[in-house]
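Let me begin by presenting the structure, written as structure tokens, before commenting on it.
The values are calculated or read from the model by the stated rules, or taken from the named source; none is laboratory data. Given the structure is predicted, the values throughout are model-derived calculations rather than measurements. Note that we place each Cβ from the backbone using ideal geometry, even for glycine, and neighbour counts take in every protein chain shown. For accessibility, only protein heavy atoms count, side chains too; no ligands or nucleic acids. Shrake-Rupley method; radii C 1.70, N 1.55, O 1.52, S 1.80 Å.
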Amino acid sequence: MFAQNFPSKVLINEVATRDGFQSEEVFIPTEKKIDMINRLSLLGLNKIEVTSFVSPKAIPNLRDAEQVMAGITRHPNVTYVALVPNERGVERALASKVDEVNLVMSVSESHNLANMRMTCDQSLVQFKQIVKRLEGSDIKINASLATAFGCPFEGITPPQNVIDTIHKYLDIGVQSISVADTTGMAAPRQVYDLCTQIKEMFPSLETTLHLHNTRGMGLANALAGINAGIVQLDASLGGIGGCPYAPGATGNICTEDLVHMLESIGLNTGVDLASLLTIARELPDLLGHDISGQVAKAGLRTETRPLSNSVIELKRRMSQY
Ligand code: COA
Ligand code: ZN
């Protein structure tokens, strides 16, 4: 039967202001970022990935991370997350009192070198120090497995490499993980199989699926993951985003399209879709370019358009026969 394994609720994490804004060429003013996060905070989202405490040379658009964290109004039901690549980043995250840090390492060595300029072992050494540094604090530690399905330099990722990386994360004290399809190389069967394996091997581990729609399979992959027991998904308003250190990378799965699809099959997200669409429709002006999200353009599938007068007249005439 369709959707027999679906959960009663799917949690949505918004990553537009981090994954989305990180690759924008034109600097997005700090107050616009703050305003967007404050509005998103009221819409029933589970987490908001606010920004990154990375090198401002690597990601210039997020150079205002401290100001953004300090400027937002925090909603008690939302977990405010920041990406952290190294020990320097965690000091900044601590000073800004984030709720959760998101450590990022790639499953593939080549992508980790391109993105973080470190080997995976070097990243893990840093993460060990970070976990130690956060001991005794309230800050939660999530770790992302970038290129978990495929790497633009090394090809499709063997599932065993993902499992090995999860073990390494758990060994150093990471509390939750995000399995990331950084450059949209995943396919639904692959997502279903890997997520099933993860859920079987680590049943109590909080696991988020982080998908990109680079090859048009993003929402199909989301459904495949949910069918395998995943109940938490990252998504980006308007479908914006992408890793600046991966050739050909494009945006995340689009938050409003994901919520719209899940609602259409009776899956509750608790997210206010109408308000999400309002903010998504402002993105082209804010960013200076079109967005890939579809529902913001097409409208809800349940929305109807008025018939033109000529068709109304035709209908009237036809009804006389
Ligand atoms: N916050 C702010 N500045 C940082 C920093 C941090 N967390 N880590 C390093 N820096 C600064 C250093 O002080 C140095 O500045 P300087 O040139 O003015 O002296 C510069 O960044 C380079 O530092 P270095 O330690 O030599 O790092 P690197 O050049 O090897 O880069 C990273 C390593 C991880 C800092 C960098 O590649 C990075 O920030 N990557 C993030 C990439 C990302 O976010 N990708 C998308 C997410 S998937
Ligand atoms: Zn991403």
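When the range 30-72 is limited to residues that are open to solvent by 30 Å² or more (accessible area, probe 1.4 Å) and small (Gly, Ala, Ser), the one that is nearest to ligand 2 (Cβ to nearest atom) turns out to be 58.
Just for the range 141-160: of the residues that are within 16 Å of ligand 2 (Cβ to nearest atom) and among the hydrophobic types (A, V, I, L, M, F, W, C), which one is surrounded by the most Cβ atoms within 10 Å (Cβ to Cβ)? That would be 148. Might you let me know whether the range 121-129 holds any residue that is more than 16 Å from the chain's Cα centre (by Cα), of a type in the set (A, V, I, L, M, F, W, C) and surrounded by fewer than 21 Cβ atoms within 10 Å (Cβ to Cβ)? So far as the range 121-129 goes, yes, one or more of its residues are more than 16 Å from the chain's Cα centre (by Cα), of a type in the set (A, V, I, L, M, F, W, C) and surrounded by fewer than 21 Cβ atoms within 10 Å (Cβ to Cβ). The residue that is surrounded by the most Cβ atoms within 10 Å (Cβ to Cβ), among those in the range 166-188 that are more than 16 Å from ligand 2 (Cβ to nearest atom) and over 16 Å from residue 102 (Cα atoms), is 187. Restricting the range 99-116 to residues that are open to solvent by 10 Å² or more (accessible area, probe 1.4 Å), farther than 22 Å from residue 175 by Cβ and at pLDDT 95 or above leaves a set whose member that is nearest to ligand 2 (Cβ to nearest atom) is 114.
Residue under question is residue 82, and the condition is that it be of a type outside the set (Lys, Arg) and within 16 Å of ligand 2 (Cβ to nearest atom); does it hold? It is true that residue 82 is of a type outside the set (Lys, Arg) and within 16 Å of ligand 2 (Cβ to nearest atom).
Checking every residue in the range 231-250 against the condition of being under 20 Å from residue 78 (Cβ atoms) and surrounded by fewer than 24 Cβ atoms within 10 Å (Cβ to Cβ) gives at least one match.
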